[in-house]
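The values are calculated or read from the model by the stated rules, or taken from the named source; none is laboratory data. In this text, all values refer to a predicted model and were calculated from it rather than measured experimentally. Heads up, the Cβs are rebuilt from the backbone with ideal geometry, glycines too, and the neighbour counts pull from every protein chain shown.
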Amino acid sequence: MNKKEKLSMASTDWISELPDSVLHHIMSFMKAKAAVRTCVLSKRWKHLWASLQHLYFDSTEFEGTQNLRRQEHVRRYHKFISRMLQERENIDVHTFDMKNLYEWHDDDNERARAEWISYAVFHKARVILLTMYHWSNLPQSIYTCTSLEELQVYIGGPDPIIYPTRVSLPRLRSLDLDSVDHQFLELVLTQCPDLESLSLSYCSGIDLSGMPFQNLRKLAVISCTMLSAAGKLSLPSLESFSFEGSMSTLRVMGIESMPSLTYAYAYFYVDEEEDTDASFNNILRALTNARKLEFFFYGFGASIRDSLKEDLQKCPTFFNLAELCINRCASLHMTARMLESSPYLQKLTISQDEYNNDKVAIKDAFLKSMYLNTIEIEVWRHYSTVKPLIEELVESLEGRNKLFNIILIIHKYDPGPIIDEDFNTLCSSLAQQNPQIKLSYKLNS
């Protein structure tokens, strides 16, 4: 290839040579303003934005660009959205994502936003993601959008719920709502026969036990309050379950079985009055089919810890469990009981700090875990806080023939060293005397 040909190759705009479908895919990751600005690149790009099917509006795109007062900032972005929708080609919308706009709660902007949402519905949007301020400006047509496959609605203000007059969402697969009540859920969920993913945040007085969840694969319940379950909650197809709240709230949900469960995450914060009656053992029984479990505990006092110890004497067996994370664990006793009840566990993640001084030995539990090959220990302060645990682990692992990894995950938020000379000495000793035990650390970013 001669010099002229090389220069020609170097000056070729290879990106613009890509087909429209590929360029549209690239632009689908852009926010609306950035996507429109591609029109200045060349004639090839001039009208590409007008046929985008993924529309992502975010008011932060205009922030910091000019020294504008808030009112002028809102007016310009309002005008931009309206004009963009007017100049788009008359084609269907795939994704309509309107985030970071909840602070625009004057009447004119709310009415305009209702018009924009109606535009998405009219153009057969499949995914609609919204942040609203008033329920009254959510058009009723969104509840009868037969093309809709995913809907996410967050209400930014303390606004009374407006219930849909009619619901028909035959294609809806994913629903994400916050701050709704039982009546609203019942109206919507009974008309979503093929729902596969449901996320509920800060909802009040709900009962899921009577809902049609035969096809549900993913469920998240975050900081919700529950009515006493009218019946048992059966989730035969559920694969992923996430929960944040008190143990008593999870108990009230009335979960009976989750035979298809592969992953469960539970963040428990304590209600001292209610949680003394909550059976952690019964909660565990609903999770026995999981392959990966993550437990986070916050604010557990001595009375709750004692209750857990007693409850875990009859811990169910987890035959499928391969990964277990017990973060800010209530006690090493819980870790030991879970280890003894998980015969095929391969990876364990626990956290210890100076505020958790339970002296229960777990050496026997580690000896019984024949398939365990990796232990991660999260550290928030100094290596000395976990040194006794590391030494006990090393002692219990001596004589094993297979490689075993012990990894410290370091969350560093204080100045000063976390890893000290004691740690380095132990690493050197293991490398020489017990090479089958590998001790290392990594920083958590």
Check your understanding: Considering Arg113, Arg173, which residue is crowded, with 16+ Cβ neighbours inside 10 Å, at pLDDT 90 or above, closer than 26 Å to Ser28 by Cα and of a type outside the set (Ser, Thr, Tyr)?
Key -> Arg173
Revision key, fill the gap. Of the listed residues (Leu293, Leu339), the one being in contact with a Ser or Thr (Cβ under 7 Å, 6 or more places away or on another chain), within 22 Å of Ile377 (Cα to Cα), at pLDDT 75 or above and not charged (D, E, K, R) is Leu339
Point to revise | The lone exception for Ala230 - which of (1) out of contact with any strand residue (DSSP E or B) (no Cβ under 9 Å at 6 or more places or on another chain); (2) under 23 Å from Tyr154 (Cβ atoms) it fails | key: (2)
Point to revise | Qualifying residues in the stretch 237-252 (those that are of a type in the set (Ser, Thr, Tyr) and assigned to a strand (DSSP E or B)) - the one surrounded by the most Cβ atoms within 10 Å (Cβ to Cβ) | key: Ser240
**Study point:** Residues located in the stretch 375-414, provided they are of a type in the set (Phe, Trp, Tyr) and either within 20 Å of Met338 (Cβ to Cβ) or in contact with a helix residue (DSSP H, G or I) (Cβ under 8 Å, 6 or more places away or on another chain) (or both)
**Key:** Tyr383, Phe404
Study note, to complete from the structure: Residue set Asn90, Asn137; condition in the same structural domain as Val153 (by TED's automatic domain parsing) and either at pLDDT 85 or above or among the aromatic types (Phe, Trp, Tyr) (or both); output residue Asn90
Point to revise | So Ile161, is it more than 26 Å from Pro259 (Cβ to Cβ) and either touching a residue at least 24 places away in the same chain (Cβ under 8 Å) or touching a helix residue (DSSP H, G or I) at 6+ places or on another chain (Cβ under 7 Å) (or both) | key: yes
Check your understanding: Limited to the stretch 309-327, what total is found for residues that are at pLDDT below 80 and crowded, with 20+ Cβ neighbours inside 10 Å?
Key -> 1
Review point. Which residues, taken from the stretch 222-236, are closer than 23 Å to Pro259 by Cβ and part of a loop (DSSP other than H, G, I, E, B)?
Key: Ala229, Ala230, Gly231, Lys232, Leu235, Pro236
Check your understanding: How many of the residues in the stretch 188-226 are surrounded by fewer than 16 Cβ atoms within 10 Å (Cβ to Cβ), in contact with a strand residue (DSSP E or B) (Cβ under 7 Å, 6 or more places away or on another chain) and of a type in the set (Ser, Thr, Tyr)?
Key -> 3
Exercise for review: Starting from the stretch 173-191, keep only residues that are assigned to a strand (DSSP E or B), then list their pairs with residues that are among the aliphatic types (A, V, I, L, M) and surrounded by fewer than 17 Cβ atoms within 10 Å (Cβ to Cβ) whose Cβ atoms are within a distance under 7 Å, requiring at least 6 positions of separation or different chains.
Suggested key: Asp181/Ile161
Point to revise | Among (1) surrounded by 18 or more Cβ atoms within 10 Å (Cβ to Cβ); (2) modelled with pLDDT under 75, the one test that Gly299 misses | key: (1)
Practice item. Could you list all residues from the stretch 122-147 that are over 22 Å from the mean Cα position of the chain (by Cα) and part of a loop (DSSP other than H, G, I, E, B)? Key: His123, Lys124, Ala125, Tyr133, His134, Leu138, Pro139, Cys145, Thr146, Ser147
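Residues are listed down the side, and each one gets a yes or a no for (1) among the basic types (Lys, Arg); (2) free of Cβ contacts under 8 Å to residues at least 40 places away in the same chain; (3) surrounded by 14 or more Cβ atoms within 10 Å (Cβ to Cβ); (4) part of a loop (DSSP other than H, G, I, E, B):
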residue: Val22; (1), (2), (3), (4): no, yes, no, no
residue: His25; (1), (2), (3), (4): no, yes, no, no
residue: Met30; (1), (2), (3), (4): no, yes, yes, yes
residue: Lys33; (1), (2), (3), (4): yes, no, yes, no
residue: Val36; (1), (2), (3), (4): no, no, yes, no
residue: Cys39; (1), (2), (3), (4): no, yes, yes, no
residue: Arg44; (1), (2), (3), (4): yes, yes, yes, no
residue: Trp49; (1), (2), (3), (4): no, yes, yes, no
residue: Tyr56; (1), (2), (3), (4): no, no, yes, no
Check your understanding: Exactly one of (1) in contact with a Lys or Arg (Cβ under 8 Å, 6 or more places away or on another chain); (2) under 17 Å from Leu189 (Cβ atoms); (3) aliphatic (A, V, I, L, M) is unmet by Met132. Its number?
Key -> (2)
